[in-house]
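Worksheet for the structure shown next.
The values are calculated or read from the model by the stated rules, or taken from the named source; none is laboratory data. Nothing here was measured: the structure is a model prediction, and the numbers come from that model. All Cβ positions, even for glycine, are placed from backbone atoms using ideal geometry, and neighbour counts span all protein chains on display. In case anyone asks, the SASA skips ligands and DNA or RNA and just uses the protein heavy atoms, side chains included. Shrake-Rupley method; radii C 1.70, N 1.55, O 1.52, S 1.80 Å.
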Amino acid sequence: MLTSKTISSLKPKKTRYQINDSTGLVIRIQTTGVQSWVLRAPQNGRTKDITLGNLPEIPLSQARALARRKKNDYELNKPGS
């Protein structure tokens, strides 16, 4: 699981990369240094990326809460549920 200290130490690289936090929540670091929260959810055998927002506007605790909420909404609206 990510910590605030770990997140603040993340630096941009030549290619975009991401670090997993918890059940589908990742922080994506762009080559420009922009850090975005993304929820990765399975859909029809593929992975759908749902962008939740950027740091510092959305801190770690809020990103986790948003991810839980979106995941619950997604599960409720999934076909066949």
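Determine if region 45-66 includes at least one residue that is in contact (Cβ under 8 Å) with a residue 12 or more places away in the chain, over 14 Å from the mean Cα position of the chain (by Cα) and either part of a strand (DSSP E or B) or on the phi < 0 side of the Ramachandran plot (or both). Looking for residues that are in contact (Cβ under 8 Å) with a residue 12 or more places away in the chain, over 14 Å from the mean Cα position of the chain (by Cα) and either part of a strand (DSSP E or B) or on the phi < 0 side of the Ramachandran plot (or both), one finds none in region 45-66, hence no.
Anything in region 7-38 that is in contact with a strand residue (DSSP E or B) (Cβ under 8 Å, 6 or more places away or on another chain), without any contact (Cβ under 8 Å) to a residue 24 or more places away in the chain and within 18 Å of P59 (Cβ to Cβ)? List them, or say none. Write out each step before concluding.
The initial filter retains those residues of region 7-38 that are in contact with a strand residue (DSSP E or B) (Cβ under 8 Å, 6 or more places away or on another chain), namely 7, 10-13, 16-21, 24-30, 34-38.
Narrowing the set further to residues that are without any contact (Cβ under 8 Å) to a residue 24 or more places away in the chain leaves 11-13, 16-20, 26, 28-30, 34, 36, 38.
If the condition is that a residue be in contact with a strand residue (DSSP E or B) (Cβ under 8 Å, 6 or more places away or on another chain), without any contact (Cβ under 8 Å) to a residue 24 or more places away in the chain and within 18 Å of P59 (Cβ to Cβ), then Q18, I19, N20, V26, R28, I29, V34, S36, V38 are the ones that fit.
Would it be correct to say that A41 is in contact (Cβ under 8 Å) with a residue 40 or more places away in the chain and closer than 23 Å to N77 by Cβ? When the stated conditions are applied, A41 does not pass them.
Give me the residue from region 40-64 that is open to solvent by less than 30 Å² (accessible area, probe 1.4 Å) and of a type in the set (A, V, I, L, M) and, out of that set, farthest from S4 (Cα to Cα). If you could, list the steps in order and put the result at the bottom.
Within region 40-64, the subset open to solvent by less than 30 Å² (accessible area, probe 1.4 Å) is 41, 52-53, 58, 60, 63.
Add one more test, that the residue is of a type in the set (A, V, I, L, M), and what stays is 41, 52, 58, 60, 63.
Values: A41: 24, L52: 17, I58: 12, L60: 7, A63: 12 Å.
Once the filter is applied, the top-ranked residue is A41.
Counting only residues that are assigned to a helix (DSSP H, G or I) and open to solvent by 70 Å² or more (accessible area, probe 1.4 Å), region 1-39 holds 3 of them.
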